[in-house]
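The values are calculated or read from the model by the stated rules, or taken from the named source; none is laboratory data. This one's a predicted model, so the numbers in the text were calculated from it and none came from an experiment. Note that we place each Cβ from the backbone using ideal geometry, even for glycine, and neighbour counts take in every protein chain shown.
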Amino acid sequence: MNLSAVSSKQYPSEGYPEIALLGRSNVGKSSLINTLINRKSFARTSSTPGKTQTLNFYNIEDLLYLVDVPGYGFAKVSKKQREEFGVMIEEYLTTREPLKGVIILVDGRHAPSDDDISMYQFVSYYHIPTLVVATKMDKIKGNQWNKTISQVTKAMEINQTDSLQLFSAETKKGKEEVWTWIEDHMK
Ligand code: GTP
Ligand code: MG
């Protein structure tokens, strides 16, 4: 079963491993979930940022939960709401025992934002294994992909134990590699 939560009492209780998706509003977190499971609108997506407002736990064949997290850096939500999102996300990331790793999405077209860098520093501090995914790569010519790799690696100072993967929900580029990373981190 899929479920939504705003506090720890509402988290699922089966104990399946969880992998959470983090990233700026509109970067493509929900789209990545849909690509991974070959569904168009399993996780709700929108061209309007701020679509995902709760922790959404997507049950993948009773083997794991992919956890869709509200995006950060969305100017139009109120300051109070942004603080509430912050508390909700922090509580989840710092206390959740079944959480095995996070995928931080960044927009491959731009340098990572300060929020992206802070989020990576936060999860690194808590030793949460991380895959950084540079997405929307269908918008970038192949001869620029190496530039994205070096830009993101340098700005985020990605640890040796973490990885970077180029991805596109449009072309499905990187889908198999993301699955491999998830499977490697479910144990
Ligand atoms: P919030 O729920 O607001 O935090 O956003 P989100 O990160 O879940 O983004 P979502 O998956 O809803 O995608 C936002 C927009 O980007 C939608 O219009 C998607 O169609 C588009 N999009 C997502 N991934 C890609 C991609 O790989 N390539 C292209 N071209 N567009 C994408
Ligand atoms: Mg979303």
Anything in the stretch 144-175 that is within 16 Å of ligand 2 (Cβ to nearest atom) and farther than 17 Å from Gly28 by Cα? List them, or say none. none
Keeping to the stretch 31-75, report how many residues are part of a loop (DSSP other than H, G, I, E, B), more than 9 Å from ligand 2 (Cβ to nearest atom) and hydrophobic (A, V, I, L, M, F, W, C). 5
Hey, Glu84 at pLDDT 95 or above, of a type in the set (D, E, K, R) and more than 15 Å from the chain's Cα centre (by Cα) or not: no
Of all residues in the stretch 69-95, count the ones that are of a type outside the set (A, V, I, L, M, F, W, C) and touching a strand residue (DSSP E or B) at 6+ places or on another chain (Cβ under 7 Å). 4
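Mind telling me which of the residues Gly23, Gly108 ends up being within 27 Å of Ser163 (Cα to Cα), surrounded by 20 or more Cβ atoms within 10 Å (Cβ to Cβ) and more than 13 Å from the chain's Cα centre (by Cα)? Quick ask: steps written out before the conclusion?
Working: Gly23 fails: more than 13 Å from the chain's Cα centre (by Cα).
Just a single option satisfies the conditions, and that option is Gly108.
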Residues being at pLDDT 80 or above and surrounded by fewer than 17 Cβ atoms within 10 Å (Cβ to Cβ) - total across the stretch 70-80: 2
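Taking the stretch 119-133 only, how many residues are polar (S, T, N, Q), over 23 Å from Thr180 (Cβ atoms) and surrounded by 13 or more Cβ atoms within 10 Å (Cβ to Cβ)?
To start, the set of residues in the stretch 119-133 that are polar (S, T, N, Q) comprises 121, 124, 130.
Of the ones still in play, those that are also over 23 Å from Thr180 (Cβ atoms) are 121.
Now drop any that are not surrounded by 13 or more Cβ atoms within 10 Å (Cβ to Cβ), which leaves none.
Number satisfying all stated conditions: 0.
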Of everything in the stretch 82-108, what is over 21 Å from Leu3 (Cα atoms) and within 13 Å of ligand 1 (Cβ to nearest atom)? Give them in sequence order. Arg82, Ile104, Leu105, Val106, Asp107, Gly108
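If you scan the stretch 160-187, which residues turn out to be more than 22 Å from Pro98 (Cβ to Cβ), of a type in the set (S, T, N, Q) and modelled with pLDDT of 95 or more?
Here is the first cut: in the stretch 160-187, the ones more than 22 Å from Pro98 (Cβ to Cβ) are 160, 164-177.
From what is left, the residues that are of a type in the set (S, T, N, Q) are 160, 165, 168, 171.
Those that are more than 22 Å from Pro98 (Cβ to Cβ), of a type in the set (S, T, N, Q) and modelled with pLDDT of 95 or more: Gln165, Ser168, Thr171.
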Which count do you get for residues in the stretch 32-69 that are farther than 23 Å from Glu170 by Cβ and either near ligand 1 (Cβ under 10 Å from one of its atoms) or of a type in the set (Phe, Trp, Tyr) (or both)? 3
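Quick check: is even one residue across the stretch 134-152 touching a helix residue (DSSP H, G or I) at 6+ places or on another chain (Cβ under 6 Å), modelled with pLDDT of 95 or more and either part of a loop (DSSP other than H, G, I, E, B) or surrounded by 15 or more Cβ atoms within 10 Å (Cβ to Cβ) (or both)?
There is at least one residue in the stretch 134-152 that is touching a helix residue (DSSP H, G or I) at 6+ places or on another chain (Cβ under 6 Å), modelled with pLDDT of 95 or more and either part of a loop (DSSP other than H, G, I, E, B) or surrounded by 15 or more Cβ atoms within 10 Å (Cβ to Cβ) (or both).
When the residues of the stretch 136-172 are narrowed to those that are β-branched (Val, Ile, Thr) and out of contact with any Lys or Arg (no Cβ under 9 Å at 6 or more places or on another chain), which ends up farthest from Thr94 (Cα to Cα)? Quick ask: steps written out before the conclusion?
Here is the first cut: in the stretch 136-172, the residues β-branched (Val, Ile, Thr) are 140, 148-149, 152-153, 158, 161, 171.
Filter again for out of contact with any Lys or Arg (no Cβ under 9 Å at 6 or more places or on another chain), leaving 149, 152-153, 158, 161, 171.
Details: Ile149: 28, Val152: 25, Thr153: 24, Ile158: 20, Thr161: 19, Thr171: 34 Å.
Among those that are β-branched (Val, Ile, Thr) and out of contact with any Lys or Arg (no Cβ under 9 Å at 6 or more places or on another chain), it is Thr171.
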Could you grab me the full set of residues in the stretch 153-187 that are under 18 Å from Ser124 (Cα atoms), touching a helix residue (DSSP H, G or I) at 6+ places or on another chain (Cβ under 7 Å) and assigned to a helix (DSSP H, G or I)? Ala155, Met156
